[in-house]
Ligand SMILES: [Ca+2]
Ligand SMILES: [Ca+2]
């Protein structure tokens, strides 16, 4: 299974993440880091990810996102996209979207408080939708 791993780090110890890293994995194996071009294309993704406030102090990597799409029918349009917010090997919380009728739009958005502000609300759904939209542009 392929997934995008996203790591945010607060290297300047300013209380918020200042560094983002994007890595591509396949079957739990690191394949490569994102290219400069991909990093540019992921800039809106990154802005939304930073709003989730799921980051590490210094150069830590324990907290990260693993994001992947599932397309069991293999028709090029994913049936679901999943977001696993990890704390090391443990999934701390997750979100998912599902396309029930295969029209490319995701009718179902399942998420909790993905931006860690203490409220599970429409803003969290907006963040998930934005992350999914930008993730799919990369096509991993
Ligand atoms: Ca649909
Ligand atoms: Ca929230």
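The values are calculated or read from the model by the stated rules, or taken from the named source; none is laboratory data. Not measured: the values here are computed from a predicted model. Every residue, glycine as well, gets a Cβ built from its backbone with ideal geometry; the counts of neighbours run over all protein chains shown.
Summary of values
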{"item": "Contacts under 7 angstrom Cβ, first residue in region 101-119 being in contact (Cβ under 8 Å) with a residue 24 or more places away in the chain and on the phi > 0 side of the Ramachandran plot, partner within 16 Å of ligand 2 (Cβ to nearest atom) and outside any strand (DSSP E or B), 6 or more apart", "result": "116/52; 116/53; 116/54"}
{"item": "Qualifying positions in region 46-59 - touching a residue at least 40 places away in the same chain (Cβ under 8 Å) and over 15 Å from residue 85 (Cα atoms)", "result": "57, 58, 59"}
{"item": "Residue, surrounded by the most Cβ atoms within 10 Å (Cβ to Cβ), within region 92-112, restricted to residues that are farther than 24 Å from residue 38 by Cα and touching a helix residue (DSSP H, G or I) at 6+ places or on another chain (Cβ under 6 Å)", "result": "111"}
{"item": "Options 133, 82; residue that is surrounded by 18 or more Cβ atoms within 10 Å (Cβ to Cβ), away from ligand 2 (no atom under 16 Å from the Cβ) and without any contact (Cβ under 8 Å) to a residue 24 or more places away in the chain", "result": "82"}
{"item": "Region 111-128, residues that are more than 6 Å from ligand 2 (Cβ to nearest atom) and closer than 13 Å to residue 49 by Cβ", "result": "114, 116, 127, 128"}
{"item": "Residue list for region 27-36, restricted to those being modelled with pLDDT of 95 or more and either over 20 Å from residue 85 (Cβ atoms) or loosely packed, with under 11 Cβ neighbours inside 10 Å (or both)", "result": "29, 30, 31, 32, 33, 35, 36"}
{"item": "Residue 89, sole failed condition from (1) within 23 Å of residue 9 (Cβ to Cβ); (2) within 10 Å of ligand 2 (Cβ to nearest atom); (3) surrounded by fewer than 16 Cβ atoms within 10 Å (Cβ to Cβ)", "result": "(2)"}
